[in-house]
Every structure is written in structure tokens, then in C-alpha cells.
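First the structure, in the form of C-alpha cells, and then the observations on it.
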Amino acid sequence: MQADDFLRDVTAMRGLSGDEGEVSAFVADAFRPYCDEVTIDAMNNVIARKKGTGPKVMFCAHLDEIGLMVVSIEEDGSLRLGQVGGVDPRILPGQRVFVYGREKLMGVIGAKAPHLLSEEERKKNYTREDLYVDLGLPGDRVRELVRVGDQVQLDHRYTELQNGRIAVKTCDDRACVAIMLQAARLLQGLRHEADLYFVASAQEEVGSRGAMTSAFALEPDFAVALDVCHASTPGAPAWRTHKLDSLVASMGPYIHPALREKLTETAQENNISLQTAVVPRYTSTDADQIGESRSGVPTVLLELPLKYMHTTVEMLDLHVLKEGGRLLAHFAAAVRASWEDELWT
């Protein structure tokens, strides 16, 4: 499956943090043609192995998504909302959503009309408590179909833009799962010594719990975590953003410097452009938990620039995504047992 076809399908799948079963099954099926073993563990992590005789290398990108949850039902059937992961309430008014009750229901997120706001209320942004889901049903019928705790997923619309750009929800981080799938496909034509594990991890948005458990179970010799970073947008601080047109390799105390140098060398040898990000402390990605696993795992972080993170119009460049697959495949093919000594000299 091509990366863009996979991305179109996988971003539509349901998979809020802690309930990733549907998307995990889809991702596992996508990896099976390219890997020797594919399993789904108790956390809904997908672990796809391409067997080798050399060092054990873990590639990791998360497959869970942010979303909402029903916390109460008003008398008229309006649904009040809690959140799963980091949802900015400012993006919600006017959104279409799916409520997963006794059946899948489409609704819209509404709020008090601006005409009805007081002068003081007009000065403030919406909070989540101001918003509700309207299913268009009477209250009694809503209470038959929906319960407190039911999940609410933001609507999926895959939008093709100019210049190879696309916008859709859940590119964070299923776009990086697409990078791993592209790498696995390209490795069909490359020799690799390393024992490779592609992990699509669960529950990153609520604390990288899937990366923590899978890294503990696999005990890799080296790891590459993949996630998105902020692309340049008007008014955003330049030191926290990067151009949309090339990948980013982070530097910082959670990143193993010699392993990052190996990644950089691989990019140069294959004419793949890399930008540099400086992360002075933890990265707030799966890289942190993987690096701390057991007695420690040398880990690097490869990032895909993304505009409008944690919205339904997350934007990326498909060419850069595919270059990420190419870099990962060549890096996997380059790993040697001798690296174990080289990384510490």
C-alpha cells in the first residue's frame, strides 16, 4: 500500500487513546505484506518485525488520536464534553463529530450564539464547558442511545491541497506510522543485518504508555522515535517551528548524539534534507520513554513538520513524508553490530 493511500484510510479510523483496537487492527494488516511477524499486544501496540541477525532496532510512531468524551447529558439532550488528550476548545465550535453510543451518531458542536452573549462573555474565548454536542434528537431518545463516558471523535475530511500538501485530522501521529510503513515496503529491496521492529504505539497522547511497555518488552539495542513537530506559520516563534519542506532531526539531552550522527550521515549519503531542532530537556514524545526503558536505549527523534497540530486540518507535505520512509529504510539497512562499540567511543 502506498503511503498516501494508507494515510487517507488510517486517518479516518477510530482510535482515541486507550481504545485503539480498530485502528491497531487496520495498521497490523497494512504491515503484514512487508514483515515476517505482526502482533498486537495487550496495550494495542502494533509490533511488526522484519527478522535480522544483527542488533535489535525499534522504530516507533504512535497511532492513537485526541478526542472527546461525554461527561453529562442536559435535559434537552445536549452532550457536555470532557477530553481525551490535548484538545483545544477554541477549534471546536462548528465542528462535526461522531458520537459512539449504542450506535454511531453524527452531531455538531454548538455554543450560545454570539448575539446572546453578554458584554463580558464576548471578551473571553470559549471553554470546553461552554460547548456541547447537538445530535438533533429529543432528550429522551439521546438518553436511550448515549451514556456518560461514550467517545466523541472529530470528523474526518481528507483534503488535497496544492503542491503535494494535504490536510486532515490525526496526522499526529499516523503520518509517521505511514513513514514506517513506507520504510518497511522499501526494505523489500534492501538488505539489512539488523533485527527490525516497527512499533505503532498506543496511548502516546496521554503519556507515551504504549512506547514505555513495548520498549520494555522488546529491549532494543537502538531506537528511532518518530513524531510531528510544528511547521512555520505566521506569527509563530521561529525557534519553535521549522520549514514544512524537509524532515527534522532533534538534538538535546534525551537524544543520543552519536546515533543522531549516524542518522544524519545516512540522510547525507542519500540526498535527504534534514533540519535541526534543539530540545533542551525532554522531548514530550515516545523518545523519552523509550530512552529510559530498562537500563537505557540509545534513541534519536525524527520529526515531520506539521501545521495546525491538534486540529482537524493538520497539514503536511506528502513528499517529505515519503522522504522519511526512504531515510528510515536506508538507516535500517545501515545498522551494524559494530555500532554498539562506536556509539560509546
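Which of the following residues is in the same structural domain as Leu135 (by TED's automatic domain parsing), in contact with a Pro (Cβ under 8 Å, 6 or more places away or on another chain) and within 15 Å of Asp130 (Cα to Cα): Gly82, Gly110, Gly94? Among Gly82, Gly110, Gly94, only Gly110 is in the same structural domain as Leu135 (by TED's automatic domain parsing), in contact with a Pro (Cβ under 8 Å, 6 or more places away or on another chain) and within 15 Å of Asp130 (Cα to Cα).
Using the structure shown, decide if Ala167 is exposed (fewer than 14 other Cβ atoms within 10 Å of the Cβ) and of a type in the set (A, V, I, L, M, F, W, C).
no
Flag set for Gly54, criterion: in a loop (DSSP other than H, G, I, E, B), open to solvent by less than 40 Å² (accessible area, probe 1.4 Å), out of contact with any Leu (no Cβ under 9 Å at 6 or more places or on another chain) and in the same structural domain as Val10 (by TED's automatic domain parsing).
Hey, among the residues in segment 218-236 that are over 16 Å from His62 (Cβ atoms), over 17 Å from the mean Cα position of the chain (by Cα) and not hydroxyl-bearing (Ser, Thr, Tyr), which one's surrounded by the most Cβ atoms within 10 Å (Cβ to Cβ)? Only one residue fits best here, namely Pro220. The set of residues in segment 161-191 being touching a strand residue (DSSP E or B) at 6+ places or on another chain (Cβ under 7 Å) and either at pLDDT below 95 or under 12 Å from Met315 (Cα atoms) (or both) consists of Leu161, Gly164, Arg165, Ile166, Ala167, Val168, Lys169, Thr170, Cys171, Asp172, Asp173, Ala175. At least 1 residues being open to solvent by less than 10 Å² (accessible area, probe 1.4 Å) and over 28 Å from Ile166 (Cβ atoms) is the threshold, and among the strands (runs of 3 or more DSSP E) wholly inside segment 258-345 those reaching it are 299-306. Taken together, Met43, Met69 contain a single residue that is touching a Ser or Thr at 6+ places or on another chain (Cβ under 8 Å), touching a residue at least 12 places away in the same chain (Cβ under 8 Å) and open to solvent by 40 Å² or more (accessible area, probe 1.4 Å), which is Met43.
For the residues Ala184, Ala175, the requirement of being closer than 30 Å to Ala337 by Cβ and either buried (at least 22 other Cβ atoms within 10 Å of the Cβ) or of a type outside the set (A, V, I, L, M, F, W, C) (or both) singles out Ala184.
Is it the case that some residue within segment 20-35 is under 30 Å from Glu340 (Cα atoms) and either touching a Gly at 6+ places or on another chain (Cβ under 9 Å) or open to solvent by 60 Å² or more (accessible area, probe 1.4 Å) (or both)? Yes, because at least one residue in segment 20-35 is under 30 Å from Glu340 (Cα atoms) and either touching a Gly at 6+ places or on another chain (Cβ under 9 Å) or open to solvent by 60 Å² or more (accessible area, probe 1.4 Å) (or both). Pairs are defined by a Cβ separation below 6 Å, a sequence spacing of at least 6 or placement on different chains, a first member in segment 292-308 that is farther than 22 Å from Val248 by Cβ, and a second member that is open to solvent by 10 Å² or more (accessible area, probe 1.4 Å) and hydrophobic (A, V, I, L, M, F, W, C); the pairs so defined are Ser293/Phe216. When segment 245-254 is filtered for residues that are touching a Pro at 6+ places or on another chain (Cβ under 9 Å) and open to solvent by less than 80 Å² (accessible area, probe 1.4 Å), the ones remaining, listed by number, are Ser246, Leu247, Val248, Gly252.
Ile47 meets each of the listed conditions (1) assigned to a helix (DSSP H, G or I); (2) touching a helix residue (DSSP H, G or I) at 6+ places or on another chain (Cβ under 9 Å) apart from (1).
Scanning segment 115-127 for residues that are modelled with pLDDT of 70 or more and under 19 Å from Asp88 (Cβ atoms) yields Lys124, Asn125, Tyr126, Thr127.
Restricting attention to segment 54-87, report how many residues are of a type outside the set (Phe, Trp, Tyr) and under 28 Å from Pro298 (Cα atoms).
Going through segment 54-87 one residue at a time, the tally reaches 12.
I'd like to check something: does segment 153-162 contain any residue that is within 20 Å of Tyr308 (Cβ to Cβ), surrounded by fewer than 17 Cβ atoms within 10 Å (Cβ to Cβ), β-branched (Val, Ile, Thr) and outside the structural domain of Arg14 (by TED's automatic domain parsing)? Yes, because at least one residue in segment 153-162 is within 20 Å of Tyr308 (Cβ to Cβ), surrounded by fewer than 17 Cβ atoms within 10 Å (Cβ to Cβ), β-branched (Val, Ile, Thr) and outside the structural domain of Arg14 (by TED's automatic domain parsing).
The values are calculated or read from the model by the stated rules, or taken from the named source; none is laboratory data. Everything numeric in this text was worked out from a predicted model, so none of it was measured. Here the Cβ is made from the backbone with ideal geometry for all residues, glycine too, and neighbour counts use every protein chain on show. When the accessible area is computed, the model is the full protein with side chains, heavy atoms only, and any ligands, DNA or RNA have been set aside. Shrake-Rupley method; radii C 1.70, N 1.55, O 1.52, S 1.80 Å.
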